[in-house]
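Following: one structure in structure tokens, then a few remarks.
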Amino acid sequence: MISRYTRKEMGRIWSDQNKFQQWLEVELAASEALAERGVLPAEAARLLRAHAAFDVARINEIEREVKHDVIAFTTAISEKMAVAGHAEASRWLHYGLTSNDVVDTAQALQIRQAYQILLADLEQLRAILKRRALEFQHTVQIGRTHGVHAEPITFGLKLAIWYEEAGRNIRRLKAAAEDMRVGKISGAVGTFAHIEPEIEEAICAKLGLRPAPVSSQVIQRDRHANFAATLAIVTASLEKIALEVRHLQRTEVREAEEYFSKGQKGSSAMPHKRNPVTCEQICGLARVVRANAQAAFENVALWHERDISHSSVERVILPDSTILADYLLDKTSKLVDQLVVYPERMRRNIDMTRGLVFSGQLLLDLAAAGMLREAAYKVVQRHAMEAWENESDFRAAVDADPEITRVLTSAQIGESFSIERQLRNVDKIFVRVFDDRQS
């Protein structure tokens, strides 16, 4: 991923330096587990732990010649061991292992590191959503369906929905990461021809992993597809938030907008512009994460016990998806944290249709008072369409209609147009969502 979208800690995880460090951790755990069971000399394992080292530039130099990254890696370490005067111990490096024993197991370690950052990101976003939801719990806003005014909501309810979704994403991410917390040291075709299953268990335990119950030469890629798909869902949720803010920031709506900093410029041509550029960036980059998930699905089906078609794909999609998810979570947290909200404009937008948004409650009240539902719908819709087409006052038309006033008193009509009545259960919803015993 380009540096523009890469935060430092997540970028470090996918650096060559850290990748090879995790490879080395697997190699050292293997040598120690083998030494503990007398397969190789304990002194060799000790010397490897003390002196095994690598230089990324040297690994890359060797790989250009041998065209194999793991061989380049082990060769570079053997050179370092020789320089340190322990060439004899290096013959026990990579003993009994195949390349993917190292690569897949080390990749699980990198995924675990990335997951820990992503989990913290998600928890931060959820905390911000909770704070702002409580801030706007009773800030009245029009609800929209199909982009058209429906019935009143509160802005806090919108944020509560995002908060609850973030909680589901946390649970999804934890489950997907746990599914990825597996290693395999089962050899070239998964038969443990050179290392016993008990040794695999010991190696994985040293690394904080579980052994895959069964594997071929590789850990099965349904796990990786699930993880990539989870990141796609997480970032789709972020896009959902950003897309809503983009709509609310439209000039004719203007109920909320992303923070516009001092000195910021929105357009090279139009000095008045305050564009939702952060929101648009979130929406755009979420598409990349979704596309990467499709590539992960394509990796599930490999030839027989293994081919290499998945490897090149994962070199791109795993770093890119985790880096982008980290970047987008941070961007969305800042977006919500600094979001500028205009309650007065929200109220003005509710009032702009002069009571139309209460047509549903009026329909119910007429039916409850004795008017047949079909007749009630007809009279309410007639006034609603006239108000819509002529921009006239729906409430005034209702008050003046004898067909309605024969059924409802003036006070009852007033209740039909009560926002407080519409929103009387908001606090109950907030208890459901934010009660710690239910979250």
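The values are calculated or read from the model by the stated rules, or taken from the named source; none is laboratory data. Predicted model only: the values in this text are computed from it and were never measured. Here the Cβ positions follow ideal geometry from the backbone for every residue, glycine too, while neighbour counts run over all protein chains shown.
Side notes on the structure shown:
- Residue in the stretch 335-343 that is at pLDDT 95 or above, over 17 Å from Lys130 (Cα atoms) and of a type in the set (D, E, K, R) present: no
- Note on the stretch 335-361: among residues that are touching a strand residue (DSSP E or B) at 6+ places or on another chain (Cβ under 8 Å), of a type in the set (A, V, I, L, M) and under 13 Å from Ile142 (Cβ atoms), the one that is surrounded by the fewest Cβ atoms within 10 Å (Cβ to Cβ) is Leu356.
- Qualifying residue in the stretch 295-311 (condition: touching a Phe, Trp or Tyr at 6+ places or on another chain (Cβ under 9 Å), surrounded by 18 or more Cβ atoms within 10 Å (Cβ to Cβ), touching a residue at least 12 places away in the same chain (Cβ under 8 Å) and in the same structural domain as Ala176 (by TED's automatic domain parsing)): yes
- Test: residue in the stretch 39-48 that is assigned to a helix (DSSP H, G or I), under 37 Å from the mean Cα position of the chain (by Cα) and free of Cβ contacts under 8 Å to residues at least 40 places away in the same chain: no
- Comparison of Thr332, Thr322, Thr251 shows that the only residue that is surrounded by 19 or more Cβ atoms within 10 Å (Cβ to Cβ) and either more than 24 Å from the chain's Cα centre (by Cα) or under 30 Å from Ser216 (Cα atoms) (or both) is Thr322.
- Condition met for Glu415 (at pLDDT below 95, over 30 Å from Cys283 (Cα atoms) and among the acidic types (Asp, Glu)): no
- The set of residues in the stretch 14-38 being under 30 Å from Tyr327 (Cβ atoms) and either in a helix (DSSP H, G or I) or not assigned by TED's automatic domain parsing to the domain that holds Val70 (or both) consists of Asp16, Gln17, Asn18, Lys19, Phe20, Gln21, Gln22, Trp23, Leu24, Glu25, Val26.
- Of the residues Val70, Val103, the single one that is out of contact with any Leu (no Cβ under 6 Å at 6 or more places or on another chain), outside the structural domain of Arg221 (by TED's automatic domain parsing) and of a type outside the set (Lys, Arg) is Val70.
- Count of the stretch 389-439 residues which are more than 36 Å from the chain's Cα centre (by Cα), assigned to a helix (DSSP H, G or I) and without any contact (Cβ under 8 Å) to a residue 60 or more places away in the chain: 19
- Looking across Gly85, Gly11, one residue alone is of a type outside the set (A, V, I, L, M), outside any helix (DSSP H, G or I) and not assigned by TED's automatic domain parsing to the domain that holds Asp320. It is Gly85.
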